[in-house]
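The values are calculated or read from the model by the stated rules, or taken from the named source; none is laboratory data. Please read all numbers here as calculations on a predicted model, not as lab measurements. Here the Cβ positions follow ideal geometry from the backbone for every residue, glycine too, while neighbour counts run over all protein chains shown. Surface areas here come from the heavy atoms of the whole protein model, side chains and all, with no ligands, DNA or RNA. Shrake-Rupley method; radii C 1.70, N 1.55, O 1.52, S 1.80 Å.
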Amino acid sequence: MYSILKERSVSPLIEELLRHGPVVTDGAWGTQLQQLGLSSGDCPDAWNLTHASQVEKVPRAYVEAGSRIVLTNTFRANRLALASYGMAQSVVEINRRGVEISLQAAGERALVFASIGPSGKMLLTEEVSRDELQQAFEEQAAALAEARAAGLVVETMSDLAEAKIALAAAKSTGLPVVACMVFDSGKDLDRTLMGDSAQRVAKELTEAGADVIGANCGQGISSYINVCSQLRAATALPLWIKANAGVPQIVEGEVVYRTTAEEFAQFAPALVTAGAQFIGGCCGTNPDFICRLREAIS
């Protein structure tokens, strides 16, 4: 495994980021946009065109909380996902604007790594073909790169095959790429929805050329310590972990995350010990979580 790494150098940007220890990334986007007025039926990515000032509040708050990397509001901005909102023709515009908004918020204080999420279609059931996925991800990745994102984050993937297609598309831009899967299945919650172990994911994504490998969403931070250890056992690449604020619960029709920022941050040192080098939050987290993480890690 590690011999693979000896054949290529670590991205200079990633190496520089890690020079002074673990890097704090940002927190949730979807749940933060909902607090700013996004309704369940809205297309979050379309807000880049219609509610740019509201979207910009999300990365700005994370930068002010101490994030050294912030993402973009482009998680579902691929042609296949946008088609369900009748917006497939707006792929380039939405992605470019998403990067511009985060760059404006970040200024000189943080880097912008653009988000690439899943298509929402399943290869296994032939709901989509590999060629269709490749074309969709290449289109999105190119738009994000042209808008001057510093890196790309393939995230919240449950199908390793789709993740590798998205990774290849992202790598074609020449930017450093983070590749993340969701681990929330199996008796120990250390497998993807498709049943792949963390070690298999790490091995295959390393071989596929990822610059950073990780896990996000799906579950709370305490469970991701074990997942992180398994990823570290299979790769020497830097690891990226962004857990939820616990497992969501439905209370009076509303989705509620019970983990507090203080409780979340208590697990940060153990996550670093397990091998995490980029740490942030996913669903249910907010700028306060980032403040607490930064304090815990420093």
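Using beta carbons and a limit of 7 Å, which pairs, at least six apart or on different chains, have the first residue in region 175-195 and open to solvent by less than 20 Å² (accessible area, probe 1.4 Å) and polar (S, T, N, Q) and the second one at pLDDT 95 or above and not in a loop (DSSP other than H, G, I, E, B)?
As it stands, the answer is Thr192/Leu160; Thr192/Met181; Thr192/Val201, since those pairs meet every condition given.
Output the number of residues of region 222-232 satisfying the condition of being touching a helix residue (DSSP H, G or I) at 6+ places or on another chain (Cβ under 6 Å) and either open to solvent by 10 Å² or more (accessible area, probe 1.4 Å) or part of a strand (DSSP E or B) (or both).
3
Counting residues that are more than 27 Å from Gly27 (Cβ to Cβ), at pLDDT 95 or above and among the aliphatic types (A, V, I, L, M), which helices (runs of 4 or more DSSP H) fully inside region 116-219 reach at least 2? Even if it seems obvious, please write down each step before you answer.
Numbers: elements: 130-146, 160-171, 198-207.
Those helices (runs of 4 or more DSSP H) span 130-146, 160-171.
Only helices (runs of 4 or more DSSP H) wholly contained in region 1-113 count here; list those with 3 or more residues that are of a type in the set (A, V, I, L, M) and free of Cβ contacts under 8 Å to residues at least 60 places away in the same chain. I'd like the intermediate steps shown before the answer.
Values: elements: 2-6, 12-17, 30-35, 47-50, 52-65, 79-82, 91-106.
Result: 52-65, 79-82, 91-106.
Suppose we keep only residues that are over 26 Å from Leu33 (Cβ atoms) and assigned to a loop (DSSP other than H, G, I, E, B) within region 250-298. Which one would you say is most open to solvent (accessible area, probe 1.4 Å)?
Ranking the qualifying residues of region 250-298, first place goes to Ser298.
Quick one: is Leu17 more than 30 Å from Phe264 (Cβ to Cβ) and either modelled with pLDDT under 95 or touching a strand residue (DSSP E or B) at 6+ places or on another chain (Cβ under 7 Å) (or both)? If you could, list the steps in order and put the result at the bottom.
Values: more than 30 Å from Phe264 (Cβ to Cβ): no; either modelled with pLDDT under 95 or touching a strand residue (DSSP E or B) at 6+ places or on another chain (Cβ under 7 Å) (or both): yes.
Against the criterion (more than 30 Å from Phe264 (Cβ to Cβ) and either modelled with pLDDT under 95 or touching a strand residue (DSSP E or B) at 6+ places or on another chain (Cβ under 7 Å) (or both)), Leu17 does not qualify.
Could you please let me know if Thr74 is open to solvent by less than 10 Å² (accessible area, probe 1.4 Å), among the hydroxyl-bearing types (Ser, Thr, Tyr) and under 17 Å from the mean Cα position of the chain (by Cα)?
Yes.
Residues in region 114-130 that are open to solvent by 90 Å² or more (accessible area, probe 1.4 Å) and either more than 25 Å from Gly214 (Cα to Cα) or touching a residue at least 40 places away in the same chain (Cβ under 8 Å) (or both): how many? Lay out the reasoning, then the answer.
Start the filter on region 114-130 by keeping residues that are open to solvent by 90 Å² or more (accessible area, probe 1.4 Å), which leaves 124, 126-127, 130.
Okay, now just the ones that are also either more than 25 Å from Gly214 (Cα to Cα) or touching a residue at least 40 places away in the same chain (Cβ under 8 Å) (or both), so 124, 126-127.
Residues in region 114-130 being open to solvent by 90 Å² or more (accessible area, probe 1.4 Å) and either more than 25 Å from Gly214 (Cα to Cα) or touching a residue at least 40 places away in the same chain (Cβ under 8 Å) (or both): 3 in total.
Going through region 158-212 one residue at a time, which ones are on the phi > 0 side of the Ramachandran plot and among the aromatic types (Phe, Trp, Tyr)?
Across region 158-212, there are no qualifying residues.
If you go through region 152-169 one residue at a time, do you hit one that is farther than 23 Å from Pro238 by Cβ, open to solvent by less than 10 Å² (accessible area, probe 1.4 Å), in contact (Cβ under 8 Å) with a residue 24 or more places away in the chain and touching a Pro at 6+ places or on another chain (Cβ under 7 Å)?
no
Find the residue count for region 24-68, including only residues that are of a type in the set (Val, Ile, Thr), surrounded by fewer than 24 Cβ atoms within 10 Å (Cβ to Cβ) and under 18 Å from Arg109 (Cβ atoms).
So the count comes out to 1.
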